[in-house]
Amino acid sequence: MKFKLKERDKNLIIILIGVAIPLAIYFFVFTRYNEQRETIEAENQTLSQEVAYLQELMDNKEHYLAETDRMNMEMEEIKAQFPSELHPEDQIYYAYNTETKYDVLASNMDMPLSEIVSVAQPVTQEPEQPEVVDDGTETVEGEAVDVEDTTPVTSAAATIALYKAPITFEFAITYASAKDWIREILSDRENKKSITDLSLNYDEQTGNISGSMVVNMFSLTGTDRTYEAPNIPGIGVGTDDLFKSSGTLNVGREDNSFDSNAEDGKTADNDEAEDKQQ
């Protein structure tokens, strides 16, 4: 049995095929093209923002360089205000200078151990963990880098540490000297200090001021500054002869003791023997 299509059915099939082909082209070609176009437009928008940001940085390059130099100079000035180390002799020498310079009599002084000062650290964003591929490289946002190049970098700020050495003074002082002492502590730009606690009381019998004060001395490690020991006048260092020993070598006895007159006695015996021979 043969199946024959009427002329009207053939024309209908041809029309359907003619409609299906443009629809297939639209869905499989034009739609994909639109998706790619939208993706490219989004990427172009992101790149345009990055280009605008980089252009802004380039336009302000001289300003940023000048500000960087200024802040570096300020950091060096700040670091220069702190010694690299603090030892008990530095604290004692400071107390000695204070009594001499400001006419203060310290009846008691307490020097606990130095302690590290906690400072605010900048918040750093953890880097994105890259995906490791089989060729021994890592891929970060489409870029391949060597695995060996992922060594963490330690910033200079991480090597610098601030230490505080508090000194508690109990003292008697005049009112004018108290003001001068406090003013000197707050204005010192070579060896930075601060005052934590201060208590002053007027003594009606003497007319002086009695009180207590905690003076914090600071040191900054990790800088290029070297430690300079205090040069205290009037205190000698070293000695020519630590044990005050004799200038001649003494002769040992049988009991392993030493007789400083053994050499003289030996000389006298020799003289006596010569006289008998004569």
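The values are calculated or read from the model by the stated rules, or taken from the named source; none is laboratory data. Keep in mind the model is a prediction, meaning the values are calculated, not measured. Note: ideal-geometry Cβ built from the backbone for every residue, glycine included; neighbour counts use all protein chains shown. Side chains are part of the model used for accessible areas, which takes the heavy atoms of the whole protein and leaves out ligands, DNA and RNA. Shrake-Rupley method; radii C 1.70, N 1.55, O 1.52, S 1.80 Å.
A few remarks follow.
- The length gained on full extension between Ser187 and Thr221, counted as 0.36 nm times the residue separation minus their Cα-Cα distance, comes to 10.1 nm.
- Accessible area (Å², 1.4 Å probe, nearest 10) - Leu198: 80 Å²
- Projecting label points 7 angstrom from Cα along Cα→Cβ for Ser199 and Tyr96 puts them 3.0 nm apart.
- With both labels modelled 7 Å from their Cα along Cα-to-Cβ, the Ala24 to Glu38 distance reads 2.5 nm.
- For the pair Ile13 and Leu65 in one chain, pulling the backbone fully straight at 0.36 nm per residue adds 11.2 nm over the alpha carbon distance.
- Rounded to the nearest 10 Å², the accessible area of Phe171 at probe 1.4 Å: 10 Å²
- Pairwise label distance in nanometres, Ser84 with Asn72, each label 7 Å out on the Cα-Cβ vector: 2.1 nm
- 3J(HN,Hα) from dihedral phi, the range 12-21, Karplus parametrisation 6.51/-1.76/1.60, rounded to Hz, x for glycine, proline: 5, 5, 4, 5, 5, 5, x, 7, 5, 4
- Ranked from largest to smallest solvent-accessible area, with a 1.4 Å probe on the protein heavy atoms, Lys101, Lys164 come out as Lys101, Lys164.
- Probe 1.4 Å, accessible area per residue of the range 153-229, Å²: 59 Å²
- Per-atom-type breakdown for the range 10-120 gives carbon and sulfur 62% of the accessible area (1.4 Å probe, protein chains only).
- Rounded Å value of the spacing that divides the Cα centres of the range 165-195 and the range 74-98: 13 Å
- For the set Ile173, Ile13, the ranking by accessible area, highest first and with no ligand, DNA or RNA atoms included, is Ile13, Ile173 under a 1.4 Å probe.
- Residue-wise HN-Hα couplings along the range 98-111, as the Karplus relation 6.51 cos²θ - 1.76 cosθ + 1.60 with θ = phi - 60° gives them from phi, are 5, 4, 6, 7, 10, 6, 10, 10, 8, 7, 7, 8, 10, 10 Hz; Gly and Pro carry x.
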